[in-house]
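**Q** Below is a structure I'd like to ask you about.
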Amino acid sequence: LGVLVPNEYVAEYVARHPDRLIGFCSVDPQDFDAVDQLDHAVQTLGLRGLKMGPIYQNVAPTDSRFRRILKRAEELRIPMLIHQGTTFCADVSLEIANPVQLQSCAIEFPRLPVVIAHLGHPWINETLVLIRKHRNLYSDISALFYRPWQFYNALVTAMEYGVLHKLLMGSDYPFTTPQQTMDALRAVNRMAENTNLPRIPEAAIEAMIHRDTLDLLGIG
């Protein structure tokens, strides 16, 4: 299937394991019928969330083509997971990838739960102040423990901003597994051993692992 994974394929796969999986759809803002595609994915295929990637779809979150999709997602009462961060691809623009671009969307669509993937890295501080500022914004920690120093600093900064409770588990599967991510999270304070560096409370780490993300996003 390559990079493009049809919503029908996702729905079919989820149907094989409905007790374990919840499917998210995706639509391309450049398609004139993107909103109709979203309706079909949710109302016919039974998918329960939206995944978007402006940097890959080459449409900024501030673009009217993107916002019409968010408006419909809010009406459908589904959450959105968004890759609003960097990428290794050479032919895309980082200008539309900064998480700050989501600020106006959060204001315009306050009932749309949004999860910023990978803490929006490398714009981690921007992501943290955004999720502190907007009640409907969250972020996941997936794909961060590959860079241990960045991972530790991200969690310390989240602690200092008081937003550890808005961070969600994510594994970046199939590149890694949930267990590997949990193991790395529980080991994050090794960075502070034998130093005066701050430590992430163990209770906060366990809370992140066991947080009821589905309930927070309204799909529990």
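The values are calculated or read from the model by the stated rules, or taken from the named source; none is laboratory data. Here the structure is a predicted model, which is why all the values come from computation and not from measurement. FYI the Cβ positions are ideal-geometry reconstructions off the backbone, even for glycines, and counts take in every protein chain you see. Remember, those area values only see protein heavy atoms, side chains included, never the ligands or the DNA or RNA. Shrake-Rupley method; radii C 1.70, N 1.55, O 1.52, S 1.80 Å.
**Q** Return the whole-Å distance between the Cα centroid of the range 87-126 and the Cα centroid of the range 133-148.
**A** 11
**Q** Also, I was wondering about something else. Taking Cα atoms, how many degrees apart are the long axis of helix 64-76 and the longest axis of the chain, rounded to 10 and kept between 0 and 90?
**A** Roughly 90 degrees between the two axes.
**Q** Another question about this same structure. Who wins for biggest fluctuation among Val92, Val42, Val59 in a Gaussian network model of the chain, springs between alpha carbons below 10 Å?
**A** So, out of Val92, Val42, Val59, the one fluctuating most is Val92.
**Q** Next question, about the same structure. How would Glu8, Glu74 line up by accessible area, probe 1.4 Å, largest first? Spell out each step's value before the answer.
**A** Details: Glu8 95, Glu74 25 Å².
The residues order as Glu8, Glu74, largest area first.
**Q** Another question, if that's okay. Just to confirm, what accessible area per residue do you get for the range 165-220 at 1.4 Å probe, in whole Å²?
**A** Working: 3380 Å² over 56 residues.
Value returned for the range 165-220: 60 Å² of accessible area per residue.
**Q** Moving on. Connecting C-alpha atoms closer than 10 Å in a GNM of the chain, tell me which of Thr44, Thr157, Thr87 has the biggest fluctuation.
**A** Of the options given, Thr44 has the highest mean-square fluctuation.
**Q** Turning to a different aspect of this structure: Calculate how steeply helix 7-16 sits against the longest principal axis of the alpha-carbon atoms of the chain, using the helix alpha-carbon long axis, and give the answer as 0 to 90 degrees to the nearest 10.
**A** It works out to around 70 degrees.
**Q** What residue among Asn98, Asn194, Asn58 has the largest mean-square fluctuation in a Gaussian network model of the chain, using Cα springs under 10 Å?
**A** Evaluated over the chain, the most mobile residue of the options is Asn194.
**Q** Using Cα centres only, tell me the gap between the range 25-57 and the range 173-204 in whole Å.
**A** 34
**Q** A further question follows. Calculate for the chain the 222 nm mean residue ellipticity that helices alone would give, adding -39,500 (n - 2.57) per DSSP H run of length 4 or more and normalising by residue count, nearest 500 deg cm²/dmol. Kindly include the intermediate steps, with their values, before the conclusion.
**A** Values: 10 runs with 85 residues, N = 220.
Dividing the helical sum by the residues of the chain leaves -10500 deg cm²/dmol.
**Q** Something else: Cross-link candidates for Lys71: which aspartates and glutamates have Cα within less than 19 Å, leaving aside residues fewer than 8 places away along the same chain?
**A** Filter leaves Asp28, Asp31, Asp33, Asp36, Asp39, Asp63, Glu108.
**Q** Roughly speaking, what % of Cα-Cα pairs in the chain are separated by over 25 Å, rounded to a whole number? Write down the numbers at each step before the final one.
**A** Details: 9439 of 24090 pairs.
Value for the chain (Cα pairs over 25 Å): 39 percent.
**Q** If exposed trypsin sites (Lys or Arg not before Pro) are those in a DSSP loop with at most 12 other Cβ within 10 Å, what is the longest stretch of the chain that has none?
**A** On the way: sites that count: Arg20, Arg111, Arg135.
Result for the longest clean stretch: 21-110.
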